[in-house]
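K.L.:
First the structure, which I've put down as structure tokens, then a few questions once you've had a look.
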């Protein structure tokens with residue numbers, strides 16, 4: 001009995017939590033909050049920071065308490081970009097390619113999380129910072145936030161997914177405007193362009209509120225819905241509809257579907273198990 005009690009008090013996932021230096025990880029009311037904690041460096045994505053982001057996505061994926069994950073930054077920046085000193089040292093085409101692929105892999109870790117993700121853009125989200133936000137499912141921006149992909153002004157192009165995720169989100173024409181000018185877009189324009197979903201006085205509070213609405217739903221349905229959108233986005237419509245039908249069929253085999261539909265018929269709140 002003692003062993004069972006110990007396991008209940010200290011779940012296995014808690015024992016493996018990395019000792020993060022550049023971010024803070026906390027879970028409250030089934031919402032994971034990842035905060036970038038290098039305000040003096042404007043939370044720039046140095047190599048060590050990217051490593052910790054990859055690690056924290058593994059923690060989120062393995063944490064049974066987490067139903068939604070929120071990413072935000074300390075200070076006046078969400079993430080102001082990549083580490084320019086590190087990029088300046090890239091002298092070889094192959095090294096540069098590997099740098100880009102490494103950053104893309106980290107963003108893919110975020111995009112492939114089974115739980116919904118929200119970027120609470122509290123300030124500057126530029127370059128790699130905007131690319132990180134684009135890897136999230138939803139984006140909430142503070143009214144004073146500025147977003148952009150300024151890489152061309154540095155003799156670069158976006159390398160962590162910006163040239164691919166932004167056009168898929170807002171269309172090629174609008175994306176070209178931002179990528180080729182490198183301009184900083186205020187939160188209100190970002191909302192009009194469709195880059196962000198909501199603008200609020202307090203981005204984090206609004207993101208937590210949004211997470212509260214999402215987490216009421218079936219975890220397994222949320223994961224299947226994410227998969228349907230992700231897999232269907234890059235294939236012809238007939239194939240995409242087949243993907244949707246396959247995943248709908250999978251949903252029909254779950255406890256959550258039985259419980260959700262039964263609760264609706266009985267006019268009560270459902271009790272989802274995520275299975």
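K.L.:
Testing the spin-label approximation: label points 7 Å from Cα along Cα→Cβ at residue 248 and residue 47. State their distance in nm.
P.N.:
It works out to 4.9 nm between the two label points.
K.L.:
Mind checking the full-extension length gain between residue 209 and residue 98? Use 0.36 nm per residue of separation minus the Cα-Cα distance, one decimal, nm.
P.N.:
Stretched out fully, the residue 209 to residue 98 stretch lengthens by 36.2 nm.
K.L.:
To continue, here is another question. Hey, what angle do you get for helix 237-251 against the long axis of the chain, alpha-carbon based, 0 to 90 degrees rounded to 10?
P.N.:
Once rounded, one gets 40 degrees.
K.L.:
May I ask what percent, to the nearest 5, of DSSP beta bridges between residues of the chain are antiparallel?
P.N.:
Taking every DSSP beta bridge with both residues in the chain, the antiparallel ones total about 30 percent.
K.L.:
Between residue 189 and residue 54, what is the FRET efficiency for a Förster distance of 51 Å, r being their Cβ-Cβ separation, to the nearest 0.05? Spell out each step's value before the answer.
P.N.:
Numbers: r = 32 Å, r/R0 = 0.62.
Calculated transfer efficiency: 0.95.
K.L.:
In addition: Fewest first, what order do 209, 55 take by the number of other Cβ atoms within 10 Å?
P.N.:
The order, fewest Cβ neighbours first, is 209, 55.
K.L.:
Same structure again: Label points 7 Å out from Cα along the Cβ direction at residue 234 and residue 261: separation in nm?
P.N.:
So the two model labels end up 3.3 nm from each other.
K.L.:
Grab the DSSP H runs of the chain that are 4 residues or longer, score each as -39,500 (n - 2.57), total them, divide by all residues and round the 222 nm result to the nearest 500 deg cm²/dmol. All intermediate terms of the calculation are to be shown ahead of the outcome.
P.N.:
Details: 13 runs with 138 residues, N = 275.
After summing the helix terms and dividing by residue count, I get -15000 deg cm²/dmol.
K.L.:
Which of 136, 252 comes first, and how do the rest follow, when ranked by fewest Cβ neighbours within 10 Å? Show your work: numbers first, answer last.
P.N.:
On the way: 136 22, 252 10.
Listing 136, 252 from fewest to most nearby Cβ atoms yields 252, 136.
K.L.:
What's the exposure ranking of 146, 215, going from fewest to most Cβ atoms within 10 Å?
P.N.:
215, 146
K.L.:
What is the angle, in °, between the Cα long axis of helix 93-111 and the longest principal axis of the Cα atoms in the chain? Nearest 10 is fine, range 0 to 90.
P.N.:
Tilt of helix 93-111: around 30 degrees.
K.L.:
Obtain the nm distance between the two label points defined at residue 154 and residue 216 by a simple spin-label model: each point lies 7 Å from its Cα along the Cα-to-C-beta direction.
P.N.:
4.2 nm
A short reminder: the numbers here are calculations on the coordinates, not readings from a lab. From a predicted model like this one, the values you see are computed outputs, not experimental measurements. Quick reminder, even Gly has a Cβ in these numbers, built from the backbone with ideal geometry, and neighbours come from all protein chains shown.
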